1. Report the full-extension gain for the segment residue A:144 to residue A:196: residue separation times 0.36 nm, less the Cα-Cα distance, to one decimal in nm.
2. Exposure proxy check: B:56, A:152 ranked by fewest other beta carbons within 10 Å?
3. Out of A:82, A:50, A:174, any idea which swings most in a Gaussian network model of chain A, alpha carbons joined below 10 Å?
4. Would you report the distance distribution of C-alpha pairs in region A:47-190 as whole percents per 10 angstrom bin, up to the bin with the largest distance?
5. GNM on chain A, C-alpha springs below 10 Å: top fluctuator among A:70, A:35, A:155?
6. For chain A, what relative contact order do you get, as a whole percent, if you take Cα pairs closer than 8 Å and at least 6 residues apart?
7. Once the piece of chain linking residue A:96 and residue A:70 is laid out straight, how much longer is it, given 0.36 nm per residue of separation minus the C-alpha distance between them?
8. Normalise the Cα radius of gyration of region A:128-168 by 2.2 N^0.38 Å (N = residues in it) and let me know the number.
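We did not get these values from a lab; they are worked out from the coordinates using the rules stated. This structure is a prediction, so every number in the text was calculated from the model and none was measured. Note that each Cβ is placed from the backbone with ideal geometry, even for glycine, and that neighbours are counted across all protein chains shown.
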């Protein structure tokens, strides 16, 4: 720990500004490049990427096999990669098995396919409770699973980032890949929801 | 690559499911600094992550007090790895932040309450 009482009373906004000034003066960060990076994460890197991966897997059995075999490589085929995407493992939800993702220690998250994590994913209550009582937490989040469905909680480690391949909903057999993409939600790819037919 | 982005539907980035990526501007700067410095090789992601885990664990072990702020821990972890690597010391950050705090009013809204909770615009004037 590097803090003392007086330092802690300074707001994080002030400390952040101070740190950015010091790093900029040392040539370690370029504020304009940082602007571009932040804009990229605010506008381009998000769950739409993951939705494209899922829709491809639903419509292309060979791609689905590659995705489940080596998530990072299959996701890179669609042009998605970068920090927090070095080791993405994809797990498939079925009628009998339901995977749900958490990072109990910090909040690791597969940025290239889901963007940055929502606040509930980072919340101490979610991180602690989803491991102890997943069925209850999922129910509170609006997902009621039949009692015979096995729930597997996937806890991220320093290496693995999990992505859930949701079950394709019944009634979507006639839809194209492009039509399936908008149905796939971030929450379904974390495993706290199912994909609903339109 | 810049794929055409659908702006409707549940998968629409970046504010999918009605949520902002960053609640306050400083969070995005703290995020951007960590990613930039990692990409520049100033520290490893494993090192940063270990510092983040330590910060969060310390918060969870402490008696209830400071409200939860993920990016406050993120910033703390960033300061820890930079201090540990000899890049920027905590004292330097504190001194610069104190200097910034002495700017004429209108530059910040930090008057004595520093929790990054739900009321970022709440300032007693």
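1. Going from the current span to full extension adds 17.4 nm.
2. With the sparsest Cβ surroundings first, the list reads A:152, B:56.
3. Between A:82, A:50, A:174, it is A:174 that shows the largest mean-square fluctuation.
4. With a bin width of 10 Å, the distribution comes to 12, 43, 36, 9, 0.
5. Highest fluctuation of the listed residues: A:35.
6. Taking the mean separation of contacting Cα pairs over the length of chain A, I get 25 percent.
7. 7.1 nm
8. Region A:128-168 yields a ratio of 1.29.
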